[in-house]
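The values are calculated or read from the model by the stated rules, or taken from the named source; none is laboratory data. Note that this is a predicted model, so its numbers are computed, not measured. FYI the Cβ positions are ideal-geometry reconstructions off the backbone, even for glycines, and counts take in every protein chain you see. Areas reflect the complete protein model, heavy atoms only, side chains present, ligands, DNA and RNA absent. Shrake-Rupley method; radii C 1.70, N 1.55, O 1.52, S 1.80 Å.
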Amino acid sequence: FLQLLLILAADPARGDHADRFKYRIDAVLVLQAIGDHLELQRRRTEDASRQHELMVAASAAGLDLKSFVDADYVYRYVNRTYLDYWGQQASEIVGKRVASLVGEERFQQIVKARIDRAMAGESVSYEAVIDFPVKGLRHLEVHYLPARNDHRKIVGTVVRGHDVTALKQQEEQLRAAV
């Protein structure tokens with residue numbers, strides 16, 4: 001298509017000078033329109049790429065609370081969100097027993113059994129209300145997942161907490177409105 005336009009614009013056998021000039025003007029206008037279209041497509045691609053990068057960054061940064069707990073109930077990893085909710089530095093959590101962060105009573109009554117189930121190969125999910133030092137009272141969906149090594153042996157538990165406080169507040173507002 002583009003080659004045809006260029007041929008028409010450059011072909012002196014296509015009528016008088018006025019026609020050739022018109023063909024050249026038309027070809028230039030079409031080329032400008034194509035250029036504008038390609039620029040718009042490039043911008044859309046860049047915008048989509050930027051959105052994808054933001055989503056990947058948000059995922060990597062972790063909107064969810066994420067940790068890895070070994071078979072001895074010791075934190076081996078916590079993400080930035082986990083640290084932000086607890087108001088602590090990684091050095092204050094990683095290498096420490098779970099009970100030292102959540103409290104011995106909560107650990108014995110709630111957390112330990114779920115970690116044990118994950119260590120036995122079961123995926124465990126439940127909802128919890130936790131009073132965090134920095135974020136205050138939060139509703140979480142908590143998931144305990146067995147973590148396996150290359151030999152399929154369970155070596156720990158991945159814990160993921162998804163904050164659903166805003167959703168719970170919206171549900172309460174809807175109930176109150178009805």
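Overview of values
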| read-out | value |
| --- | --- |
| Pairs with Cβ under 9 Å, 6+ apart, first in region 152-169 and within 17 Å of F132 (Cα to Cα), second surrounded by 16 or more Cβ atoms within 10 Å (Cβ to Cβ) and of a type in the set (S, T, N, Q) | V159/S67; R160/S67; G161/S67; G161/T81; D163/T81 |
| Tally of residues being under 17 Å from Y82 (Cα atoms), open to solvent by less than 80 Å² (accessible area, probe 1.4 Å) and not β-branched (V, I, T) across region 108-144 | 9 |
| Residue match in region 140-147 (condition: more than 17 Å from L63 (Cα to Cα), of a type outside the set (A, V, I, L, M) and over 23 Å from the mean Cα position of the chain (by Cα)) | no |
| Enumeration of residues in region 103-136 that are part of a strand (DSSP E or B) and small (G, A, S) | S125, A128, G136 |
| Considering residues of region 89-107 that are without any contact (Cβ under 8 Å) to a residue 12 or more places away in the chain and either farther than 15 Å from R138 by Cβ or in contact with a Cys (Cβ under 7 Å, 6 or more places away or on another chain) (or both) only, the residue most open to solvent (accessible area, probe 1.4 Å) | E105 |
| Condition check for H52: open to solvent by 90 Å² or more (accessible area, probe 1.4 Å), modelled with pLDDT of 70 or more and farther than 30 Å from I130 by Cα | no |
| Residue match in region 61-73 (condition: within 18 Å of the chain's Cα centre (by Cα), open to solvent by 40 Å² or more (accessible area, probe 1.4 Å), of a type in the set (A, V, I, L, M) and at pLDDT below 95) | yes |
| Index of the failed condition, Y144 passing every other in (1) at pLDDT 95 or above; (2) assigned to a helix (DSSP H, G or I) | (2) |
